[in-house]
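Following: one structure in structure tokens, then a few remarks.
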Amino acid sequence: MSETPEKIKFPLWAKLLIIISALPVVSLPMIINQCSAARYEEIKMFLMIYPLYVLASAVMAWISYRQRREVSLILIVVMLLTHAAMWLLPSAV
């Protein structure tokens with residue numbers, strides 16, 4: 001018999017993984033600082049949506065962990081890939 005999702009314990013390592021994977025969003029001012037004025041105008045929409053996406057992704061990973069661990073881990077991996085893409089965005093041609 002499987003346990004209900006409310007009875008499944010949420011491990012500390014999973015909580016820390018979600019929180020730590022969301023922390024690179026604080027580098028947004030450095031990303032904006034690396035942009036030239038013309039480049040900033042081109043990517044302004046991505047830069048404004050980025051923190052909202054990270055917050056939403058972290059919340060969804062937190063909520064989905066108890067029922068669907070795989071979905072939670074996929075959300076974390078996609079969030080980490082998004083961080084990498086945002087760091088590379090100002091220098092992209």
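Points to keep in mind about this one:
- Restricted to the range 1-69, the set of helices (runs of 4 or more DSSP H) holding at least 2 residues that are within 13 Å of Met86 (Cβ to Cβ), open to solvent by less than 40 Å² (accessible area, probe 1.4 Å) and touching a residue at least 12 places away in the same chain (Cβ under 8 Å) comprises 28-34, 37-64.
- The residues of the range 70-93 that are surrounded by fewer than 17 Cβ atoms within 10 Å (Cβ to Cβ), of a type in the set (A, V, I, L, M) and in a helix (DSSP H, G or I), listed by number, are Val71, Leu73, Ile74, Val77, Val78, Leu80, Leu81, Ala84, Ala85, Leu88.
The values are calculated or read from the model by the stated rules, or taken from the named source; none is laboratory data. Please read these numbers as outputs of a predicted model, since none were measured by experiment. Please note: Cβ atoms are built from the backbone with ideal geometry, for glycine as well, and neighbour counts cover all protein chains shown. Heads up: the accessible areas ignore ligands, DNA and RNA and are worked out on the full protein's heavy atoms, side chains in. Shrake-Rupley method; radii C 1.70, N 1.55, O 1.52, S 1.80 Å.
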